[in-house]
Amino acid sequence: MGRPHALLLPYPAQGHVLPLMELAHRKVSHGFTITFINTHFNHGRLLSAMPTFCSNTNPSINFISIPDGLQPGDDRNHVVNLCKALMTIMAIHLEELIIKMQKHKQPEHDKPTWLIADESMAWAFNVAKKTGLRTVAFWPASATTFTSMRNIPKLIQDGIIHEHDGSAKTPGLIFQLSPGLPTMNVDHLLWNCLLDSESIKELFHCINTNIESIKNAEFVVCNSFYKAEKPVFDYLNSSKILPIGPLLSGQRFGKPAGLFWSADTTCKAWLDEQDVSSVIYVAFGSWATVDERQFQELALGLELTGRPFLWVVRPDFTGKAIIDLLKGLEDRIGGRGMVVQWSPQQEVLAHPAVSCFMSHCGWNSTMEGVSNGVPFLCWPYFGDQHLNQTYICDVWKTGLKMIPDENNMITKEQIRDKVDELLGDGEMKKRALAMKEIATKGIEKGGSSFENFNTFISAMQV
Ligand code: UDP
């Protein structure tokens, strides 16, 4: 028998493509052929961000693309419109693609037999069923967030959310799905992160549909590790949900990591010049934005810390031209700070000069900080980021919360004070290093993620 062939389908966002790409690399080293299916839009970004030394280095991963169903100029950050287009139009293209691959005259073993799709693309499992592929769901975030979605019927039954649109019955209500599980705020449930009630309703509908479709998947693999969320995995008590993380692809030199933007690697040379454990790394992922006032305050806060910092400022991070906003800052701080548009984050977090991570608490960033023993300053924006903050600050106790004041601002004084508090707390760093050890052991031979991964591979070979 030849190499088994799996199709991998990420949700089209940076935080979903990156961990799935690592999964692709791991599967290739276990003898699989992978076809990685991006949307045309992200395929273009991926290829243009890929360093030349990465091109075609891995013939076992075929990168292909299909339309996402939106028009060229459409806003792809509009979650509801995007989800609707994916479910209706991309689904047709996926089916056509699979049928074409199945008809194509090639040796039997080259035909795809599996589809591994992001949970947020669970409509694809219906396509797989129609075309005879076996299926695995991939969940790139915490098992706790996954559990909150799976428990929508319970949330309705317990009177926490409305049945018709998922909105909070009592805004701000703090609840626990079960004793021992982390507390959640009803306002921070994934679908409640949107601003208007119509969008909340539509997203709730999409999530509900996905959760229904996921029942077609043979199992779910997630980018977490058992000890990070032990009570939740025990609560799920299912051999169908396998934590195999952390999935970190950034350190596979010469292999595509799945980045949409090319990383400014000059910051590595700058980090080399800094003292050990001195640099504040500041990054808010691929999505989060701040208003101009908060941007200015953050810049002043970093200045006020008196410490070196590496700050990722994406061109769309705030409304106004970044260049104007940063005017003056560079003159005042000289070489003490560095601003880049996109960093090689996983390498940055592994650098000995980094002392802490000011983060929006996206789950990938959370796993990456944890894997490198870096304590956090948590600045969540929406979606699962608040719940991830709860893990970091209240469960693992490896970070501090940044708390907006009555004007919804995180002030420069708070930034300075929290940095001082975090870096002055040796116990925090010790706990962060202990978490790193647990995460690392989990993916080493004999560790729980390692074993789960083997179970997953074996199940796909029968
Ligand atoms: N990232 C990066 N360079 C940056 C900022 C972020 O490579 O300058 C990567 C980061 O390592 C992480 C991903 O982008 O893997 C962001 O995912 P996350 O879940 O943290 O946040 P999201 O972008 O989904 O909000």
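Would you mind computing the Rg to Rh ratio of the stretch 210-332 from its alpha-carbon coordinates, Kirkwood style for Rh? Write out the running numbers ahead of the final one.
On the way: Rg = 20.2 Å, Rh = 18.6 Å.
Result for the stretch 210-332 is an Rg/Rh of 1.09.
Computed over the Cα atoms of the stretch 173-259, what is the ratio Rg over Rh, Rh following Kirkwood?
Ratio value, two decimals: 1.04.
For the chain, give me the percentage of DSSP beta bridges that are antiparallel, rounded to the nearest 5 percent.
The answer is about 5 percent antiparallel.
Which order do Phe219, Phe204 fall in if you start with the one that has the fewest other Cβ atoms within 10 Å?
With the sparsest Cβ surroundings first, the list reads Phe219, Phe204.
Give me the dipole magnitude in Debye, nearest 20, for the chain about the Cα centre, with unit charges on the beta carbon: positive for Lys and Arg, negative for Asp and Glu.
It comes to approximately 1560 debye.
Using only Cα atoms, tell me the angle between helix 412-423 and the longest principal axis of the chain; keep it within 0 to 90° and round to the nearest 10.
80 degrees
Sorted from fewest to most neighbouring beta carbons within 10 Å, what does the list Lys430, Lys27 look like?
Result, fewest neighbours first: Lys430, Lys27.
What are the trypsin sites (Lys or Arg not before Pro) within the stretch 432-462 that DSSP puts in a loop, where the Cβ has at most 13 other Cβ atoms within 10 Å?
Sparse-neighbourhood loop trypsin sites (Lys or Arg not before Pro): Lys445.
Can you tell me what the convex hull of the Cα atoms of the chain projects to on average, as an area in nm²?
The number I arrive at for the chain is 21.7 nm².
Check Ser355: other-chain or 5+ apart residues with amide H under 5 Å from its amide H, H built from backbone geometry?
Counting only residues 5 or more places away or on other chains, the set is Ser278, Val279, Ile280, Tyr281.
Using only the Cα atoms, work out Rg/Rh for the stretch 1-97, with Rh taken as the Kirkwood radius, to two decimals.
Numbers: Rg = 14.1 Å, Rh = 14.3 Å.
Rg/Rh for the stretch 1-97 comes to 0.99.
Of the peptides 404-410, 360-366, 191-197, how do they stack up when ordered by the mean number of other Cβ atoms within 10 Å, highest first? Don't skip to the end; give the middle numbers.
Working: 404-410: 11.3, 360-366: 25.7, 191-197: 15.6.
Averaged packing, sorted descending, gives the order 360-366, 191-197, 404-410.
Could you put Ser178, Ser355 in order, starting from the residue whose Cβ has the fewest other Cβ atoms within 10 Å?
Ser178, Ser355
What angle do you read, to the nearest 10 degrees and between 0 and 90, between the alpha-carbon axis of helix 40-49 and the longest principal axis of the chain?
Tilt relative to the chain: about 50 degrees.
Helix 448-460 sits at what angle to the longest principal axis of the chain, using alpha carbons and giving 0 to 90 degrees rounded to 10?
20 degrees
So for the stretch 331-409, Kirkwood radius off the Cα pairs, Stokes-Einstein at 37 °C and 0.692 mPa s: how many µm² s⁻¹? Let's see the in-between values first.
Numbers: Rh = 13.6 Å.
Translational D for this selection: 242 µm²/s.
Cα-based Rg (one decimal) and Dmax (whole number) for the stretch 70-134, in Å?
Rg, Dmax (Cα atoms, Å): 13.7, 41.
Would you kindly compute the Cα radius of gyration of the stretch 282-369 and its largest Cα-Cα separation (Dmax), both in Å?
12.7, 35
Bear in mind these aren't lab numbers, they're just calculated from the coordinates by the rules spelled out. The structure presented is a predicted model; accordingly, all values stated were derived computationally and were not measured. Cβ coordinates were reconstructed from backbone atoms using ideal geometry, including for glycine residues, and neighbour counts include every protein chain displayed.
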